[in-house]
Amino acid sequence: MILFGYASVSSQWEFYVSLLRRLMNRNLTLYAQLDTLVECGIVPNPGVGAAELLARHGEREYETSPFKLLLSVLGTESLEPPCLSLSDNVWHMRAECIGGRGDYVKVAQRMAALAAGALPIESVHDEFDWRQGVAWLGFMLREREVRWPTKIEERWIDPNVLSRFVGLLDEQDTDLRFTGLDLGGQDCLIGCATKEQFHALRKLTGLELEWLG
């Protein structure tokens, strides 16, 4: 007989609860999903409504892939110029998002927006030295100058940049921490939440979010 340790049993129980929640959420309407996300602190930006979301996917698609598809869409930008974020509370990050100057600036601005004021960065800029295979991201945070070197590998983002933002947020006087959800490809969802919001999201959506670290 195989005896499972407490941690294994706990992990298995969480898996089955998550699976049950996902099954129960199937066919949940787009509007019900939006209401649930609002309860957990994830809201569309002003002016973003169902019409914008339905321009990307049909209502049935949102129902058959509850929450994950909706969060993925909310984490992108509008199709119309100036292509603003649909929500400041979630980012659909694609690993191949670094092509040149300004791209790390966008990464920094996205992470700062997710932190909801806890990372008030200013004077954000990046520099690329293609010959040396190195880029730099720089900004000011509360009169402190921050400058991080990053690797250049084709169009891949340097994951160390994300880790540094995690550490930077940990240093701030806030209950918010970055969260992540692997989408199974070369992309993921990044958010920011309190412990209460994090546990509510996992419970209500059935998605296996983790703390980013």
Checklist entry - With the dipole of the range 136-191 worked out from charges on the C-beta (+1 for Lys and Arg, -1 for Asp and Glu) around the Cα centre, which of 185, 152, 169 lies farthest toward the positive end? => result 152
Checklist entry - How large is ³J(HN,Hα) for each residue in the range 121-133, as worked out from phi by the Karplus curve 6.51 cos²θ - 1.76 cosθ + 1.60 (θ = phi - 60°), to whole Hz, x for Gly and Pro? => result 6, 9, 6, 6, 8, 9, 9, 10, 10, 5, 5, 7, x
Checklist entry - So for the range 47-137, what are the equivalent ellipsoid semi-axes in whole Å, largest first, each being the square root of 5 times an eigenvalue of the Cα gyration tensor? => result 30, 15, 12
Next on the checklist: Run the reach check for residue 195 against aspartates and glutamates, Cα to Cα strictly under 16 Å, same-chain hits fewer than 8 apart removed. What comes back?
Outcome noted: 39, 170, 173, 175, 208, 210
Checklist entry - Using alpha carbons only, how many degrees (0 to 90, rounded to 10) separate the axis of helix 159-170 from the longest principal axis of the chain? => result 80 degrees
Next on the checklist: If the reach is capped at under 19 angstrom between alpha carbons, list the lysines near residue 151, excluding any in the same chain fewer than eight residues apart.
Outcome noted: 106
Checklist outcome for this item: With every protein chain kept in place and a 1.4 Å probe, the chain has an accessible area per residue in Å² of 57 Å²
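Let me know the longest stretch in the chain that avoids all chymotrypsin sites (Phe, Trp or Tyr not before Pro) found in a DSSP loop with at most 10 other C-beta atoms within 10 Å. Can you show the working numbers first?
Working: sites that count: 4, 130.
Excluding the exposed sites themselves, the longest stretch runs over 5-129.
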Next on the checklist: How many angstrom lie between the Cα centre of the range 59-136 and the Cα centre of the range 165-213?
Outcome noted: 15 Å
Checklist entry - What part of the accessible area of the range 40-119, given as a whole %, is carbon or sulfur when the probe is 1.4 angstrom? => result 54 percent
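The values are calculated or read from the model by the stated rules, or taken from the named source; none is laboratory data. All of these numbers come straight from a predicted model, not from anything done at the bench. Here Cβ is always computed from backbone atoms with ideal geometry, including for glycine, and neighbour counts include all displayed protein chains. Note: areas computed on protein heavy atoms with side chains; ligands, DNA, RNA excluded. Shrake-Rupley method; radii C 1.70, N 1.55, O 1.52, S 1.80 Å.
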